[in-house]
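What follows is one structure encoded as structure tokens, with my remarks underneath.
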Amino acid sequence: MRLVSKTSQYVVMSLFAIVFLAPLVWMISASLRPEAKVLSVPPKFLPSDAQWDNYRQVFELIPVFLWNSVKLAGLNVIGILIVASMAGYAFARLKFAGRDAAFMVLLATSIIPGIAYLIPQYIVFRQIGWVDTQYPLWVPKVLTPVFATFLMRQSFLTVPQELEDAGKIDGASTFGIYWRIMLPQTKPALAAIGVFTFLESWNDLFGPLIYINSENLQTLPVALAQFQGEYFTQISLLMCGATVSVVPVIAVFLFAQRYFIQGITMTGMKG
Amino acid sequence: MSMATVTMARDRGTVQVADVRRARRRQNLTGWLFISPIVVGVVAFQFFPILVSIGASLTDWNGISAPKFVGLKNFVDLFGDDPLFLQTFKNTVYFTLASIPLTIGIGLVLALLCARPIRGVAFFRTAYFAPYVTNVVAIGFVWFWFFQPDNGVINGLLDQLGIPGPQWLSSSSWAMPAVIMVSVWQGIGYPMIILLAGLQGLPTEYFESAKLDGAGAWRQLRYITLPLLTPHFLFLLITQFITSFQVFGLIYVMTKGGPGHATSVYIFNIYQNAFSYGKVGYASAMAWILFAVIAAVTYLQWKLQKRWVFYT
């Protein structure tokens, strides 16, 4: 389609790119400025004399938060991949009584807004002593990956039957067929779910906000919000923390962009 | 046939039936073992809490002492005697009605720009999508400083153009538009990707015959591209409504619902009632009203699609 010439298209696209990237560029440049020069009039987007010392100061505070974020993201990704791929495999390829009914019931739960069960969940977790631990931030998530199960089922449905039959003839157990033969065929779906789960866990605000009080258990993004007045009193240091909390995510996204976009479109229109 | 062979055949039959039965039982067991983690999880962490939540919505309960059954009083109070509930509801509708057309509209423009195979298109697509993957705390803070009235970036730029900027987050009429702007900026990547996938999947024959008929680019867009994308628009309307109506993070980081209650939205109100004031029963009632609203609007959109969604 040729609505506009190539040059004007580049101009328009570049203007949009500036709008979308400027706040992120400003964040990085503010993190490298002396505190007195963070908010300058007229505004500046590029740092003049980089204060790398800001990062040295911030890295005295944040390793524990960073580790918590990494650890929780890891637990969620591995757990959800295992639980969802097992369930997805069973729903797609095994025959058993009650299979389709169970699948429908699982899907039906996704129409209830999370807040409706988050409140009672909180009360139950408080009763069993899970408040101010990290269990509520991964155990319930790992055990309820309805959406990921749906995606894995779709993916397992497309694997050719001959592969499964060959495994059966070789005498492989059901688990062996799932683990060694079928699972490697679903790598794109696994990658998409892995990226989604990583982002969701890393960027989660609500969970850490309501469950974590001890600072040594807090995740990086939420620590920035909670301990803002305590540790990150200077804007430049806050922006260092913000930058560190955004960079791993952008890196994962750049690295796995293809799977991420595939995942979005897969869930979007073919569901 | 002798007596002996008949008995043997019958025995073999029984053995086979028993075998089949045993095999089927094994199959059932294997299947349920594979799905047991998610079944246990959904029962324990969703079904059970949902039942508790339905019950709680009919009680006066602080989550600690014994709940007191009050029937529909929470619902009656919410609609009849809680101005904050009605205001947060209106704020949420405002937020939703403004952000949905903006995200889908600008998302469409970006998708159309990115659909043309030109050099460097991957860079632009990534740039537009980048805010979508960043966490709301980091970008909420960045924009918080951008919107500072005296020395923030936005008013600084407006000042260069000779326009006096408003008080943004500390103004009760400008705080909501400011939050909406940030939300649109962050959320646009999603509709863009969905529509881009839609554009790339359009059959080329239509465009070729339209070109032969002498239809220009605008007419092709208006009469071919947009009608063919209507299923994608329906999908986006449904999903964007569900997410916008439950906005929380940006509000929490940027305004905490203020100034006054100017940006207090539905989920923020539930959050405060449940986790700050300990009004668990009341907050649960609000959660179920939210469910009813989302279910009703989704159902309505699904029913109305006949009027405007075009399926090939």
Residue count for region B:174-225, restricted to those that are at pLDDT below 95, in contact with a Leu (Cβ under 7 Å, 6 or more places away or on another chain) and among the small types (Gly, Ala, Ser): 2
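A quick yes/no check of all residues on (1) outside any helix (DSSP H, G or I); (2) in contact with a strand residue (DSSP E or B) (Cβ under 7 Å, 6 or more places away or on another chain); (3) among the aliphatic types (A, V, I, L, M); (4) within 30 Å of A:Gln228 (Cα to Cα):
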{"position": "B:Trp145", "(1), (2), (3), (4)": "no, no, no, yes"}
{"position": "B:Ser173", "(1), (2), (3), (4)": "yes, no, no, yes"}
{"position": "B:Ala197", "(1), (2), (3), (4)": "no, no, yes, no"}
{"position": "B:Lys211", "(1), (2), (3), (4)": "no, no, no, no"}
Filter result (more than 24 Å from B:Gly105 (Cβ to Cβ), of a type in the set (A, V, I, L, M, F, W, C), more than 7 Å from every other protein chain (Cβ to nearest Cβ) and over 29 Å from the mean Cα position of the chain (by Cα)) within region A:7-51: A:Ala36, A:Val38, A:Leu46, A:Ala50
Given (1) assigned to a helix (DSSP H, G or I); (2) in the same structural domain as A:Val247 (by TED's automatic domain parsing), index of the condition A:Leu61 fails: (1)
A:Leu224 vs. criteria more than 18 Å from B:Val142 (Cβ to Cβ), at the interface with another protein chain (Cβ under 8 Å from one of its Cβ atoms) and either free of Cβ contacts under 8 Å to residues at least 40 places away in the same chain or buried (at least 19 other Cβ atoms within 10 Å of the Cβ) (or both): no
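Hey, which of the helices (runs of 4 or more DSSP H) in region A:77-149, taking only ones fully inside, have at least 2 residues that are surrounded by 21 or more Cβ atoms within 10 Å (Cβ to Cβ), facing another protein chain (nearest Cβ under 7 Å) and more than 18 Å from the chain's Cα centre (by Cα)?
On the way: elements: A:99-109, A:114-127, A:139-142.
In region A:77-149, the matching helices (runs of 4 or more DSSP H) lie at A:114-127.
Being in a helix (DSSP H, G or I) and over 24 Å from A:Thr265 (Cα atoms) narrows it down to one of B:Pro227, B:Pro177, so name that one. Reasoning before the result, please.
Details: B:Pro227 fails: over 24 Å from A:Thr265 (Cα atoms).
Sole residue among the options that is in a helix (DSSP H, G or I) and over 24 Å from A:Thr265 (Cα atoms): B:Pro177.
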Residue that is farthest from B:Ile238 (Cα to Cα) [pool: residues in region B:94-134 that are in contact (Cβ under 8 Å) with a residue 60 or more places away in the chain and among the aromatic types (Phe, Trp, Tyr)]: B:Tyr128
Matching option when the condition is of a type in the set (A, V, I, L, M, F, W, C), under 20 Å from A:Asn216 (Cβ atoms) and touching a residue at least 40 places away in the same chain (Cβ under 8 Å), among A:Ala87, A:Ala73: A:Ala73
Residue identified as at the interface with chain B (Cβ under 10 Å from one of its Cβ atoms), farther than 30 Å from A:Tyr89 by Cα and free of Cβ contacts under 8 Å to residues at least 40 places away in the same chain among A:Leu254, A:Leu205: A:Leu205
Helices (runs of 4 or more DSSP H) enclosed by region A:214-271 - at least 2 residues per element that are at pLDDT 85 or above and either closer than 30 Å to A:Pro34 by Cβ or among the aliphatic types (A, V, I, L, M) (or both): A:220-226, A:235-255
Residue within region A:165-176 that is hydroxyl-bearing (Ser, Thr, Tyr), away from chain B (no Cβ under 14 Å) and either under 23 Å from B:Gln27 (Cα atoms) or in a loop (DSSP other than H, G, I, E, B) (or both) present: no
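The values are calculated or read from the model by the stated rules, or taken from the named source; none is laboratory data. Worth saying up front: this structure is predicted, and the values here are computed from it rather than measured. Every residue, glycine as well, gets a Cβ built from its backbone with ideal geometry; the counts of neighbours run over all protein chains shown.
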